[in-house]
Amino acid sequence: MNSSVHGLHLPVMLEESIHGLKVEAGGRYVDCTTGAGGHAQAILDASSPGGQLLGFEADPQAVEIARERLTSFGSSALIVNRNFSNLEEECLERNFFPLNGVLFDLGLSSMQLEETGRGFSFQYDAPLDMRFSPDQQLSVEEIVNSYNESDIASIIYKYGEEPASRRIAAAIVKNRPLYTTTQLADIIVRAVGGKKGRIHPATRTFQALRITVNRELETLETALRQALNMLGYGGRLVVISYHSLEDRIVKRFFREESRDCICPPGVPVCTCSHRASIRQVNRKIITPSPEEIHKNPRSRSARMRIAERIITHPEASLNSAGLFFISLTGCLAGIAGCMSLN
Ligand SMILES: C[S@@+](CC[C@H](N)C(=O)[O-])C[C@H]1O[C@@H](n2cnc3c(N)ncnc32)[C@H](O)[C@@H]1O
């Protein structure tokens, strides 16, 4: 999420992204969340001459803005109006692989947040929509007006981590039908009491509903795997997330894929045959500088993780018995070598 200047959108951690992706001339890059094209433009600039970028964007209005912004790059920039869950299919169809880098800058843009009529923010009165793309079937209006109380409560709890989820769900059901963001926000404020904490009482519920409508966590899991499949050796995967649920998925994915064995703890012999396919470039999470947060307050929740595709070592999947055998034969070979030298 980014603040905007004159309605245009400030890309978050731009320099860190270019550096994290190790953008180089002639490289092939995918921007999964093109938005207004700020990161895409910087990637194309840094990969010139010869760089190519395939951008995904679910929101047709953002696609138009990005395409216009990137016209000067001609056929080096291709923005498709598709969900990034189609990354692998699109890359394979277009013969656009192996990739040098893939970027995810998750969530929504300031344009979407500030656009009246989309329903992403309770600051503006708008229909309860929140779909990234008009092609999607499910809207917030359908959830709040047709789901049962316990399903609404579990959505708000699971995707908003809202402790008052049950109280909010009960208030929603009692007051339906609901049609606007202001109606929904007012009901939440009344259900949980006024603005006591740092954030508005409706923030978590709005986040939960947006995540559900756009299936954000499921698509992220799918797309991370696809991105990894399409990366060439040494290729970089950079993910900027804006809340703990997204970051948890990225963290777990990076941790698992950087390990040779993912058997549950306590299993004496490895049975998973899993091999590390990435290395984590930054152990410590990267956050925006105080200057960036000052200039763009909406960047404050951003968290960046970077991974690099590595060559998987075939022996890495050997179980401990196999490793013992290798060490033993190595020792014996060493002894034999020493004896023959003498
Ligand atoms: C934070 S903005 C990206 C801003 C962009 N990096 C820039 O510099 O302008 C996130 C964008 O990703 C899009 N988006 C979110 N989830 C998506 C998905 N699953 N598939 C395609 N686009 C998605 C949103 O519509 C939004 O425009």
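Bear in mind these aren't lab numbers, they're just calculated from the coordinates by the rules spelled out. On a predicted model such as this, the values are computed, not experimentally measured, just so you know. When we count neighbours, we look across all protein chains shown, and the Cβ atoms used for this are built from the backbone with ideal geometry, even at glycine.
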Quiz item: Listing PHE104, PHE254 from the residue with the fewest other Cβ atoms within 10 Å to the one with the most, what is the order?
Solution: PHE254, PHE104
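Please give the length that would be gained between GLN123 and HIS294 if that part of the chain were fully extended, namely 0.36 nm times their separation in residues minus their C-alpha to C-alpha distance (nm, one decimal).
Once the chain is fully extended between GLN123 and HIS294, it gains 59.4 nm.
For THR33, THR205, THR182, which order do you get if you count the other beta carbons within 10 Å of each Cβ and list the fewest first?
Taking fewest neighbouring Cβ atoms as first place, the list is THR182, THR33, THR205.
Once you charge only the Cβ atoms, +1 for Lys and Arg and -1 for Asp and Glu, what is the size of the charge dipole of the chain about its Cα centre, to the nearest 20 debye?
1120 debye
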Quiz item: For ILE79, which sequence-distant residues (separation of 5 or more, or a different chain) have an amide H within less than 5 Å of its own amide H, given hydrogens modelled in the peptide plane?
Solution: GLY55
Quiz item: What order do you get for HIS294, HIS200 when you list them from fewest to most C-beta neighbours inside 10 Å?
Solution: HIS294, HIS200
Practice problem: On a C-alpha basis, how far is the centre of the range 87-107 from the centre of the range 200-218 in Å? Whole number, if you could? | Solution: 26 Å
Self-check item: Under 5 Å, built H, 5+ apart or other chain: amide partners of VAL102
Solution: VAL30, ARG236, LEU237, VAL238
Practice problem: Report the calculated FRET efficiency for GLN136 and HIS313 (r = Cβ-Cβ distance, R0 = 41 Å), to the nearest 0.05. | Solution: 0.45
Self-check item: Highest average packing first - 110-122, 281-293, Cβ atoms within 10 Å
Solution: 110-122, 281-293
Quiz item: Just going by the charge dipole of the chain, with Lys and Arg at +1 and Asp and Glu at -1 on Cβ, which of THR312, PHE97, ALA62 is farthest out on the positive end?
Solution: THR312
Exercise. Rank by packing, highest mean first: peptides 304-311, 256-263, with packing defined as the count of other Cβ atoms within 10 Å averaged across residues.
Key: 304-311, 256-263
Self-check item: Peptide ranges 77-89, 53-65 listed from the most packed, as the mean C-beta count within 10 angstrom indicates
Solution: 53-65, 77-89
Quiz item: Thinking of the range 112-214 as a set of Cα atoms, what percent of all their pairs are more than 23 Å apart?
Solution: 15 percent
